Amino acid sequence: MPAAKLRAIIFDIGRVLVRVDVGRAMQGLARGTALSPSELWTAIEKDPLWPDWQEGRVAPRDWYLHLAKRLGGGLTFEQFTEVWNRALDPAPIHEDAFFKKLSKRYRLALLSNTDPIHVRYLETTYSFFSFFPTRIYSCSVGASKPNPLIYRQAIGALKVQAQEAVYIDDIAVYVEAAQRLGMSGIQFQSPAQLAADLESLGVELP
């Protein structure tokens, strides 16, 4: 794709911009339950309300009450929130300077499958969010990747054509979903690999 055509760069958050360690959160949540941390995570991922939680149809306090009733544990809602956010490493993967330079030439957006508790933590913890005026969260738009709707939300908010955007995610099927809509796609593996792939698209990097 010619470099002149690229106008927007869309990033996933988890494991692309922020390291994720679900086990760290599950260790805290498993206390007081009969489950191991890995068993607890499996139960949460397979919970019938998980899609509703990820897509904003369940409020944070209702999610907390649902899990407490179903799985046990003696945490207060405030304690649950703190433990739930332990999955997110407070040290970002990239320096702010990386996004600062990109933001001068390209429209930047975030596109993530995430929940309201994590959104609140993310937006108040990481300074790089200031370079992303467009933020598309599954819990805000009622759709999750790889549903085409969430990608179209990002393209619409950025006011670009699909062919003018590149989408970056660590999960191949989510990258492929973006590519099916006409976007360029990069599967993130490391900062160095991302830099090389962006440069191959004509992006000037710091």
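Put a dot 7 Å past the Cα of VAL20, heading toward its Cβ, do the same for GLU39, and the two dots end up 2.4 nm apart. Taking a quarter of the surface of the Cα convex hull of the chain gives a mean projected area of 10.9 nm². Looking at region 130-191, the trypsin sites (Lys or Arg not before Pro) that sit in a DSSP loop and have at most 13 other Cβ atoms within 10 Å of their own Cβ are LYS159.
In this simple spin-label approximation, ARG120 and ASP47 carry label points 7 Å from Cα along the Cα→Cβ vector, and these lie 1.6 nm apart. When you count the other C-beta atoms within 10 angstrom of each residue and take the mean per peptide, 14-22, 55-63 line up highest first as 14-22, 55-63. Quick check on region 22-88: take the gyration tensor over C-alpha atoms, sort the square-rooted eigenvalues as a ≥ b ≥ c, and tell me if it's rounded (a/c under 1.5), prolate or oblate. Because its axes are fairly even, with a/c under 1.5, region 22-88 counts as rounded.
Taking amide hydrogens as placed 1.01 Å from N in the peptide plane, the amide H of THR33 sits under 5 Å from that of no residue at least 5 positions away in sequence or on another chain. Ranking of ILE171, ILE150 by neighbouring Cβ atoms within 10 Å, starting from the fewest: ILE171, ILE150. Relative to the dominant Cα principal axis of the chain, helix 60-71 is inclined by about 50°.
Straightening the chain between ASP96 and ALA196 buys 34.2 nm, computed as 0.36 nm per residue apart minus the Cα-Cα spacing.
Read the figures in this text as sums done on the coordinates, not as results from a lab. Everything quoted here is computed from the prediction, not taken from an experiment. We place every Cβ from the backbone using ideal geometry, glycine too, and count neighbours over all the protein chains shown.
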